[in-house]
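Have a look at the structure below, then the notes.
The values are calculated or read from the model by the stated rules, or taken from the named source; none is laboratory data. All figures in this text were calculated on a predicted structure; none of them were measured in a lab. In this analysis, Cβ positions are derived from the backbone assuming ideal geometry, glycine residues included, and neighbour counts consider all displayed protein chains. Heads up: the accessible areas ignore ligands, DNA and RNA and are worked out on the full protein's heavy atoms, side chains in. Shrake-Rupley method; radii C 1.70, N 1.55, O 1.52, S 1.80 Å.
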Amino acid sequence: MTAVAAGWPGTAQVRRSYAALVEHYTAMTADYGRFPGLRQELMAFLAELVPGPVLDLGCGAGRDADLAAASGRTVVLADVTPELLRATTARIAVDAAVCCDALALPLRADAFAGVIASGVLLHLPRQYTVTALDNIRRVLMPGGKALISMKHGSRDGWRSTDDFPAPRWFSYYEPEEFAVLCRKVGLRVAQLDVSSRKDWFTATTERLEL
């Protein structure tokens with residue numbers, strides 16, 4: 001498991017929060033029970049991908065990576081929290097794992113048919129979002145797609161919840177506002193869906209062919 005330094009100082013606090021709650025977070029998110037419709041969304045995304053491996057960026061407990069692997073894809077896990085990544089790789093079979101954040105992906109360009117980024121870019125302040133999106137574009141093959149889930153709204157800042165009682169940073173976007181940033185780095189927004197799951201939305205994006 002390769003380790004790479006984070007690019008935003010606040011990532012250290014996000015990492016500590018997840019490290020402190022590995023078992024709790026895994027119990028909450030390791031399956032789709034709390035996320036109605038998400039499994040179907042991901043299956044539809046995977047079915048549309050060109051042949052090639054999938055990167056689960058911010059893999060957390062590995063729920064989406066496990067589904068991607070079960071569909072026959074080669075899967076690479078990436079997460080900023082080593083304690084969480086170790087727990088996840090002990091639970092599910094994966095092809096590779098790297099400890100890094102979205103601002104410093106130690107992965108070669110044009111490598112992945114798909115990138116899953118489920119609830120990860122929202123843990124970066126707004127000034128870092130374009131950099132993270134550009135890294136996603138860079139590691140996608142031409143014609144490759146990314147499924148990115150975010151929260152809509154405008155309450156940026158550190159917060160904890162009853163479900164996750166440790167501080168994490170949250171950046172909120174209106175869907176079209178986020179789509180503009182995707183287009184800025186060369187990701188075509190093929191689909192933009194507001195979810196029935198509270199304040200979530202998903203952007204299905206595609207790297208344009210060169």
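The tail of the calculated P(r) for segment 137-177 beyond 16 Å holds 57 percent of all Cα-Cα pairs.
Size descriptors for the chain: radius of gyration and Dmax over Cα atoms are 15.5, 46 Å. Counting only Cα atoms, the size of segment 29-142 along its three principal axes is 33, 31, 26 Å, in decreasing order.
Length, then width, then depth: along the principal axes, the Cα atoms of segment 54-115 run 27, 27, 14 Å.
Dividing the convex hull volume of the alpha-carbon atoms in segment 122-190 by its residue count gives 98 Å³ per residue.
Measuring max minus min along each principal axis, the C-alpha atoms of segment 160-200 give extents of 37, 23, 12 Å (largest first). With all projection directions averaged, the alpha carbon convex hull of segment 1-90 covers 6.5 nm².
Heavy atoms only, probe 1.4 Å: what % of the accessible area of segment 1-138 goes to carbon and sulfur, would you let me know?
53 percent
Among Gly33, Gly62, Gly143, the residue with the largest mean-square fluctuation in a Gaussian network model of the chain, with springs joining Cα atoms closer than 10 Å, is Gly33. Just checking the listed ones, Asp56, Asp101, Asp134: in the Gaussian network model of the chain with Cα springs under 10 Å, the one fluctuating most is Asp134. Counting only Cβ charges, +1 for Lys and Arg and -1 for Asp and Glu, the dipole size of segment 36-124 around its Cα centre is about 140 debye. Averaging the Cα positions of each part gives two centres, and for segment 111-175 and segment 41-72 these lie 16 Å apart. Overall dimensions of segment 92-210, expressed as equivalent-ellipsoid semi-axes from the Cα gyration tensor (√(5λ), whole Å, largest first), are 23, 18, 13.
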